[in-house]
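Reviewing the structure listed below.
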Amino acid sequence: MNIVTTMRILGILLMLFSITMMPSMLISALYKDGAHNAFVSGMAITFFTGFFAWLPVRNVRKELRTRDGFLVVVLFWTVLGLFGAVPLYLAEHPGLSFTDAVFESVSGLSTTGATVITGLDFLPESVLFYRQLLQWLGGMGIIVLAVAILPMLGIGGMQLYRAETPGPVKDNKLTPRITETAKALWYIYLSLTVACAGAYWLAGMTLFDAISHSFATVAIGGFSTHDASMGYFDSAVIEGICIVFMLISAVNYSLHFIAWRERSLKHYLFDPEFRFFFFLLGITVLTTFIVLWATETYSADQSLRHGLFEVVSVATTTGFGVADFSQWPSVLPFTLFLAAFVGGCAGSTGGGMKVVRILLILKQGIREIKRLVHPSAIIPVKLGGRSVPDRVIEAVWGFFSVYLMLFVVMLIGLLATGLDQVTAWSAVGSALNNLGPGLGEVASHYGNIPDVAKWILIIAMLLGRLEIFTLLVLFTPMFWRR
């Protein structure tokens with residue numbers, strides 16, 4: 001274990017992260033909103049902590065091993081969540097406690113979108129922008145950004161990329177070199193953000209709101225600059241733009257890269273995960289529309305408009321809102337919330353267990369049924385016409401079983417703090433799937449739940465962002481053996 005190399009990387013990354021507080025500092029000076037000192041102090045604390053961690057080991061040059069990559073990723077996301085909370089803690093408004101500041105910071109960076117803050121419409125512009133920026137940085141992963149820069153500093157990046165990239169298959173690269181892969185991902189991510197901001201602005205948002213909401217949309221984060229979220233704008237055009245970019249961002253980014261490189265869209269239709277994702281969305285939207293219309297909750301056009309938006313927002317784990325789906329009739333709140341467990345596609349900025357894992361679990365279940373009829377038959381699980389190795393199936397089942405066990409443990413922990421069953425269940429599901437809004441007491445915000453519950457949910461958000469195993473592997477004795 002290269003602890004010295006790990007410290008050097010962590011120091012460099014903290015110094016880089018401190019620079020991201022500068023835009024909020026400038027916005028505070030521009031708007032004269034009174035939060036300037038909080039960002040100056042936060043930037044200084046973060047930079048100098050990173051500098052003094054880097055200084056004693058600045059001349060170390062060693063290639064990272066796989067275990068080092070896991071350690072760097074987990075340490076960085078943990079430390080980043082703490083240092084990202086500094087400006088929020090120091091700012092006079094919203095006046096957060098240490099626990100609330102860390103919760104908000106980790107929620108932003110993990111693109112969960114769960115918030116402890118109310119009165120967003122009256123917050124300083126710099127604080128609002130900072131929350132949105134945290135989500136944008138967390139969306140693709142600061143580690144992926146770093147691997148495009150670290151090789152210039154004499155540090156290899158492939159191990160970091162494997163530890164950070166979501167999904168069951170980690171070794172697929174868009175380009176032969178990891179640096180070029182990271183750059184390709186960020187070019188796509190940045191292009192989508194600019195296009196989304198431009199579309200919002202043309203649809204009637206202010207420039208500030210357009211940029212802020214584009215950060216949260218493309219990152220599939222869900223933070224907003226208004227308490228009413230997207231419902232504040234009451235615009236079908238803005239909601240339509242949001243739906244399009246939420247869907248685009250929930251699709252595997254490698255498909256976007258191929259579309260850009262080959263100037264073709266045909267490959268989307270041949271991707272089994274893409275097809276299954278939109279099949280599930282279609283069924284859920286249709287069911288939601290029928291129930292809302294049949295129960296006369298809304299008119300036909302409003303049922304389609306609100307139903308479509310909320311289904312896409314929740315299923316992609318974005319968490320924007322135009323209506324309070326937790327108050328919808330029948331099984332709709334549970335159905336929509338269940339869609340977040342599936343989440344987005346692997347290799348996207350979405351949360352959840354990922355569509356491809358659910359698809360493989362279903363195919364494995366079908367295979368086991370067939371084996372009951374033909375016990376001796378060799379029946380491969382195929383995805384897109386190709387056989388999936390049993391090792392991948394085993395990994396998916398392993399992920400699913402550990403996911404459920406952790407869910408139950410954290411659910412019991414939240415129940416022990418005094419939360420009711422609906423609130424506790426939805427809060428754990430929301431945090432672990434990086435969704436944001438829940439049901440019961442956490443339908444609108446998490447400010448009223450106990451601090452112990454918030455720390456459990458902070459761990460859940462990190463587990464969800466790092467896809468569980470990246471974090472859990474650090475707690476195994478084998479990881480620390482030489």
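Summing +1 for each Lys or Arg and -1 for each Asp or Glu, what net charge is found among the other residues whose Cβ lies under 11 Å from the Cβ of V355?
So the surrounding residues net to +1.
With Cβ to Cβ distances under 11 Å as the rule, what net charge do the other residues near K454 carry (K, R +1; D, E -1)?
Once all neighbours under 11 Å are counted, the net charge is -3.
In straight Cα distance, which aspartates and glutamates are under 18 Å from K382, not counting same-chain residues fewer than 8 positions off?
Reachable aspartates and glutamates: D271, E273, E368, D390, E394.
Return L30, L414, L360 ranked ascending by Cβ neighbour count within 10 Å, so the fewest neighbours appear first.
In increasing order of surrounding Cβ atoms, one gets L30, L360, L414.
Based on DSSP H runs of at least 4 residues, each adding -39500 (n - 2.57), what is the mean residue ellipticity at 222 nm of the chain after dividing by all its residues, to the nearest 500 deg cm²/dmol?
The helix contribution divided over the chain gives -20500 deg cm²/dmol.
Take peptides 246-259, 58-71 and line them up by average Cβ neighbours within 10 Å, highest first, as a rough protection proxy.
246-259, 58-71
Apply 1/(1 + (r/R0)^6) to the Cβ-Cβ distance of Y31 and W186, taking R0 = 41 Å, and write down the FRET efficiency to the nearest 0.05.
Step by step, r from the Cβ atoms, then E = 0.90.
Compare the peptides 212-221, 447-456 by average per-residue count of other Cβ atoms within 10 angstrom and give them in order, highest first.
Top to bottom by mean Cβ count within 10 Å: 212-221, 447-456.
How many nm is it between the label spots at A195 and S299, if each spot is 7 Å from the Cα in line with the beta carbon?
With each label placed 7 Å out from Cα toward Cβ, I get 3.3 nm.
Kirkwood Rh over Cα pairs of the chain into Stokes-Einstein at 4 °C, 1.567 mPa s: D in µm²/s?
57
Output the peptides 128-136, 274-282 sorted from most to least packed, where packing is the average of other Cβ atoms within 10 Å over each peptide's residues.
In decreasing order of mean packing, 128-136, 274-282 become 128-136, 274-282.
What does the net charge come to around F320 if you take all other residues with beta carbon closer than 12 Å to its beta carbon, with K and R at +1 and D and E at -1?
Surrounding charge for F320 is -2.
Once you've got the Cα coordinates, tell me which of K183/K266; K32/K183; K183/K354 are over 29 Å apart.
Correct reply: K32/K183.
Work out, step by step, the length gained on full extension between D121 and D420: first 0.36 nm times the residue separation, then minus their alpha carbon distance; give nm to one decimal.
Taking 0.36 nm per residue and subtracting the Cα distance, the gain is 104.7 nm.
Relative contact order of the chain, please, whole-number percent, based on alpha carbon pairs below 8 angstrom and at least 6 residues apart.
16
Which Cα, out of T179, S376, P329, lies furthest along the positive dipole direction of the chain (beta carbon charges, K/R +1, D/E -1)?
Value computed over the given set: S376.
Each reported figure results from applying straightforward, stated rules to the coordinates on display, with no laboratory input. Please read all numbers here as calculations on a predicted model, not as lab measurements. Positions of Cβ are generated from backbone atoms using ideal geometry, with glycine treated the same way; all protein chains shown enter the neighbour counts.
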